[in-house]
Amino acid sequence: MMIDKYSSTPVYLQLEQYLSEEIASGKLKPGDALPSENTLCAEFSISRMTARKAVDYLVRQGKVERRRGQGTFVARQEKNLRISLPLDRHLSSSEATLGAGKEVTNHLICLGLQKTPPSIAAQLHIPAGTNIWFMKRLRLVGDVPFVFEQSWMLADPFSDLSETDLNRSKYAYIARKGFTVERSEKEIRAELPSQEVRDMLGINREEPVLHAISVATLRGFGPFEISDIYYNQQHYRFTLTATRD
């Protein structure tokens, strides 16, 4: 394969397309090591920055994965997980992953009561300083981490919320309490994650994540939870159905 440095297609995209074709054709199989940046530079007479940019693009697509201290490898089938999440519907993580064919598990990192910060209190329509649940959870499909969330949730009427409830299904617990989650409003943006988010989702520093700030509402009750939700973009595609009147 020759790189055309006079083409309107950027050099890093030409290299990315070539490597994608090698993966699609089976010449590079799941688990195979990708040529090193030095090898790509020498073979295609390109800069290290260009080689890295092409590989970064493959990583963001979930086609390859970096292993610290080992190199970059073609992603195995079970790791190349794609979940479709419609933006115009409120789905739990379990509902969103029904077609993935793998078990969804929750890993509770922390749960405790704290005083409600003013910014959170205003959105939940409660006085600042009111006791509120604060929690962090990691959601996994099989052994793949795909969502990290931290949430502030009303302690009243959920005073008996437990670690067991959150490691099972928060929505099932809410239903047992006689409530129905009616909707959520989300603001979504791409951003470079903090070290904590990178560690939780197993991603590299230069890879963006999708960050959603969600306000969830109970039917006949009002807002009850605010969440910072970080989606591993390697494993998600977002969809939206738009209609015309």
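The values are calculated or read from the model by the stated rules, or taken from the named source; none is laboratory data. From a predicted model like this one, the values you see are computed outputs, not experimental measurements. FYI the Cβ positions are ideal-geometry reconstructions off the backbone, even for glycines, and counts take in every protein chain you see. Note: areas computed on protein heavy atoms with side chains; ligands, DNA, RNA excluded. Shrake-Rupley method; radii C 1.70, N 1.55, O 1.52, S 1.80 Å.
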Q.
Looking at the structure I just gave you, is A75 hydrophobic (A, V, I, L, M, F, W, C), open to solvent by less than 80 Å² (accessible area, probe 1.4 Å) and under 19 Å from V209 (Cα atoms)?
A. yes
(Q) Of all residues being under 31 Å from the mean Cα position of the chain (by Cα) and open to solvent by 80 Å² or more (accessible area, probe 1.4 Å) in the range 1-29, which is nearest to G69 (Cα to Cα)? Just the residue, please. (A) K29
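Could you tell me which residue of the range 108-125 is nearest to the chain's Cα centre (by Cα), considering only residues that are open to solvent by less than 40 Å² (accessible area, probe 1.4 Å) and without any contact (Cβ under 8 Å) to a residue 40 or more places away in the chain?
Let us first name the residues in the range 108-125 that are open to solvent by less than 40 Å² (accessible area, probe 1.4 Å), namely 108, 112, 116, 120-121, 124.
Now narrow it down to the ones that are without any contact (Cβ under 8 Å) to a residue 40 or more places away in the chain: 112, 116, 121.
On the way: G112: 24, T116: 26, A121: 26 Å.
Per the criteria, the residue is G112.
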Q. Using beta carbons and a limit of 6 Å, which pairs, at least six apart or on different chains, have the first residue in the range 203-226 and closer than 30 Å to K53 by Cβ and the second one at pLDDT 90 or above and crowded, with 20+ Cβ neighbours inside 10 Å?
A. V209/Y230; H211/Y230; A212/I229
**Q.** Check on T50, in a strand (DSSP E or B), open to solvent by 20 Å² or more (accessible area, probe 1.4 Å), modelled with pLDDT of 90 or more and in contact with a helix residue (DSSP H, G or I) (Cβ under 8 Å, 6 or more places away or on another chain)
**A.** no
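Which of the residues belonging to the range 156-180 are hydrophobic (A, V, I, L, M, F, W, C) and open to solvent by 30 Å² or more (accessible area, probe 1.4 Å)? Lay out the reasoning, then the answer.
Within the range 156-180, the first condition is being hydrophobic (A, V, I, L, M, F, W, C), and the residues that meet it are 158, 161, 166, 172, 174-175, 179.
Passing the criteria: A172, A175, F179.
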Q. In the range 67-78, is there at least one residue being at pLDDT 90 or above, over 24 Å from N167 (Cβ atoms), polar (S, T, N, Q) and over 27 Å from the mean Cα position of the chain (by Cα)?
A. no
Q: Could you run through the range 1-41 and say how many residues are closer than 16 Å to Y57 by Cα, free of Cβ contacts under 8 Å to residues at least 40 places away in the same chain and in a loop (DSSP other than H, G, I, E, B)?
A: 4
Q: Quick one: in the range 127-148, of everything that is open to solvent by less than 40 Å² (accessible area, probe 1.4 Å) and β-branched (V, I, T), which residue is nearest to Y231 (Cα to Cα)?
A: V147
Q | Within the range 30-46, considering residues that are loosely packed, with under 13 Cβ neighbours inside 10 Å and hydroxyl-bearing (S, T, Y), the one farthest from K5 (Cα to Cα) | A | T39
